[in-house]
Every structure is written in structure tokens, then in C-alpha cells.
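Undergrad: Below are the C-alpha cells for one structure; questions will follow.
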């Protein structure tokens, strides 16, 4: 009996490298630690089972945020508790008063820490070494200013206002979207259609139906925020001049910055809003289904029964067990 074995196959997206790729590729080629390697186009798949068929669908959605929360940190040091509170509140209240002039922006002040600051005094002794004693010098107060806004272009105005009050440390910017549940449902519906289509294709390839086959299914979501997807980047360019071993070479420190690196869509079956212009919230959905085909019972060896009549005639008897 002939058997046809099928295994789920993940599609491979081809890569096209253009001339416009950014300085990061130039850095990788110049740095001796990086060696250019061609992409691996091999598809690594395991040996298929004669009765199990594994099918999976992966979807990705890029969701533009409609609300943002920027967190700025500020620190104040003074000799007394009253003075340190007065100085930091003056900076915060002045900033909030100017921010309220902008429409659609809310603020919240978060207390972080309030600790004494110590210094060392030297105690001189005649017959022993010097002793250093910690003594209170003042107080250090830290607070965070949370600012919620819906227009991302307002962040520049906020930075200008805060910098006038000596608030410079932008800790992070969080992204929020009100339609995440609707996007999740859209991902699930698209994945269901893609899964049904893939199963039908497998049925056509095998030439049988999986309607009565045992099935088990699992699925799940994962959400990635822009703050998690920034990578460090060093602007790299160096002279190609060859120096002698005895020469002293002083190289300039290279500028280090960060860039937004979203999840690439090359490993997904479908993508909602594939073009990314600005940092976005990315939602991934994957569904897996295992189909166990029914084992066909192999027919046992048929035994032929022959009846011999009293006249010596032989007749075949069809006896079904």
C-alpha cells in the first residue's frame, strides 16, 4: 500500500538589499569584529510523522499609538528639608503652569526618594590613624513628572518648557492604544481564514479529508512596546591609513546613539499595517493545530473456504468475519 507523508512547511521570504541601508551596515563592514555572511536560505525541518500533520499561522499587527506618557526625572539637593522641598516644587509648579497652556495634556508628580546626604569629617588622633566620620550635610529629593499627551509633536514643546526649569532627564516614553482588543480580534479572524486555507491545500495534496481526524489547538498573543525595541548604535568611521607598530595613535571617541528596531515581518504569514514610519505597538498572534490522521487498518490475509460436495464438486464460500 502506498503512503503519502506530508509535513508543514514554513515559507521563506526572499531578501532584497538596496543601496540605501544606513551607516549601521557600513559600521559592521569596517569593524573587524563583524564579518559579512550571506543569509542562510536552508530550511531546517524535522522528519514528518506518518499520522500527524502540524499547521501553524503567525500574524503581526503594527498599531499606531493614540496616547503617550513621557516621564521626566529631576533631583534637588539642599541643606534643609524645607529648602529642598521648596526648590523642587518651584521647578515643577513653574513647568506645570506653562504646560497647562497647551491643550490636551495632563500631568502627575510621582515621589521617588527623600534621603539625607552625608559628608566625611576627619578626626585627628595623636597616637592613631585618622578617622573619617559621616556627618549629615543636607537632603536629596527625587521626583518624576509624568506628562500625558496625544500629539507626539508636542514632545518638543514640553522639552523646551522643562529645560527652562532645569528638568532635562527624559526617562522614557510609553505608548498606549485604545483599539488593542479590536486588533486582537482582527488578528484572530485573519489567522482562522489562513489556517482553513492551509488545511484545505494539505487535503488537496494528500487527496483525503481531515474532517474526522483528531485535532488539538493552541494559540497566544504577545505585545511589544517601542520602549523595548531600541538598540545602541555607534557612528563609525575611521582612517584606513596604516601605522607602524611604534606609532602612538589617539583615536577620537565615536558618537553613540540609539535607533528604533521593530520586529521584522519576514517570518509572518500576514501583516496588518505593514509600513512603519514611526515607533508603533506591535501585536503578534500565533495559532498551532495538530491533526492526527486516522490510522487505516490494514486488511488481514483473507482465507478462502472451499466446500466439497458429496459429488466431488468444489465451491468457494465467501465467509466474512
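The values are calculated or read from the model by the stated rules, or taken from the named source; none is laboratory data. Given the structure is predicted, the values throughout are model-derived calculations rather than measurements. We place every Cβ from the backbone using ideal geometry, glycine too, and count neighbours over all the protein chains shown.
Undergrad: Any chance the range 234-254 includes a residue that's in a loop (DSSP other than H, G, I, E, B), at pLDDT 85 or above and surrounded by 11 or more Cβ atoms within 10 Å (Cβ to Cβ)?
TA: Our first condition is that a residue be in a loop (DSSP other than H, G, I, E, B); within the range 234-254, this holds for 235-254.
Those left that are additionally at pLDDT 85 or above: none.
No, that holds for no residue.
Undergrad: Could you list, in sequence order, the residues of the range 175-204 that are farther than 30 Å from residue 150 by Cα and surrounded by 14 or more Cβ atoms within 10 Å (Cβ to Cβ)?
TA: Matches in the range 175-204: 191, 194, 195, 198, 199, 202, 203.
Undergrad: Of (1) more than 30 Å from residue 156 (Cβ to Cβ); (2) assigned by TED's automatic domain parsing to the domain that holds residue 141, residue 213 satisfies all except one. Which?
TA: It is condition (2) that residue 213 fails.
Undergrad: Test each condition in (1) modelled with pLDDT under 95; (2) surrounded by 12 or more Cβ atoms within 10 Å (Cβ to Cβ); (3) in contact with a helix residue (DSSP H, G or I) (Cβ under 9 Å, 6 or more places away or on another chain) for residue 145 and report the one that comes out false.
TA: Only one criterion is unmet by residue 145, namely (1).
Undergrad: Residue check, residue 107 against (1) in the same structural domain as residue 196 (by TED's automatic domain parsing); (2) under 30 Å from residue 169 (Cβ atoms); (3) at pLDDT 95 or above, all met but one. Which one?
TA: (1)
Undergrad: Starting from the range 200-229, keep only residues that are more than 30 Å from residue 283 (Cα to Cα), then list their pairs with residues that are in a helix (DSSP H, G or I) whose Cβ atoms are within a distance under 7 Å, requiring at least 6 positions of separation or different chains.
TA: Here the result reads 209/203; 210/199; 210/203, each pair linking the range 200-229 to a residue that is in a helix (DSSP H, G or I).
Undergrad: While we're looking at this one, here's another question. Six or more apart or on different chains, Cβ atoms under 7 Å: show the pairs whose first residue is in the range 149-160 and touching a residue at least 24 places away in the same chain (Cβ under 8 Å) and whose second is assigned to a helix (DSSP H, G or I) and surrounded by 15 or more Cβ atoms within 10 Å (Cβ to Cβ).
TA: Once the first residue is touching a residue at least 24 places away in the same chain (Cβ under 8 Å) and sits in the range 149-160, its partners that are assigned to a helix (DSSP H, G or I) and surrounded by 15 or more Cβ atoms within 10 Å (Cβ to Cβ) give 158/99.
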